[in-house]
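What follows draws every value from the coordinates through simple rules; no lab data is involved. Keep in mind the model is a prediction, meaning the values are calculated, not measured. We place every Cβ from the backbone using ideal geometry, glycine too, and count neighbours over all the protein chains shown.
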Amino acid sequence: MKSFKVLSICGSGTVTSTMVAGKVKEEMADRGITITTNTGKPTEALSLIQGGGYDLVVHTSPLPAGDYGIPKISSISCLTGIGEEEFFDEVEETLKSLA
């Protein structure tokens, strides 16, 4: 399976997005899926995606309207712990559908 590139977005583009990126990377590795991650804030999400060759964006903050051209999945469950397994299942299914 190919390696995927995932962008993690949070309000400030630092702490929460880094935590979520780490959780997603670790969980996908446990499921046999290799990903690389980068982080950013909502105001730069669209430009990062357009120039970065990303496969998926996960976000804890709302994303500005725009044509992202890739799947977007809310990762708020990584903060609350509620529905976290379902979130990881959705990430896995989405990445496998892109392979």
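Remarks
- Meets criteria (surrounded by fewer than 16 Cβ atoms within 10 Å (Cβ to Cβ) and not β-branched (V, I, T)) for K2: yes
- Of residues in the stretch 4-24 being among the small types (G, A, S) and outside any helix (DSSP H, G or I), the one nearest to the chain's Cα centre (by Cα): S8
- Residues that are part of a helix (DSSP H, G or I), without any contact (Cβ under 8 Å) to a residue 60 or more places away in the chain and closer than 23 Å to T43 by Cα, drawn from the stretch 54-99: S77, C78
- Residue satisfying condition, being surrounded by 19 or more Cβ atoms within 10 Å (Cβ to Cβ), in contact (Cβ under 8 Å) with a residue 12 or more places away in the chain and either charged (D, E, K, R) or part of a loop (DSSP other than H, G, I, E, B) (or both), within set E27, E44: E27
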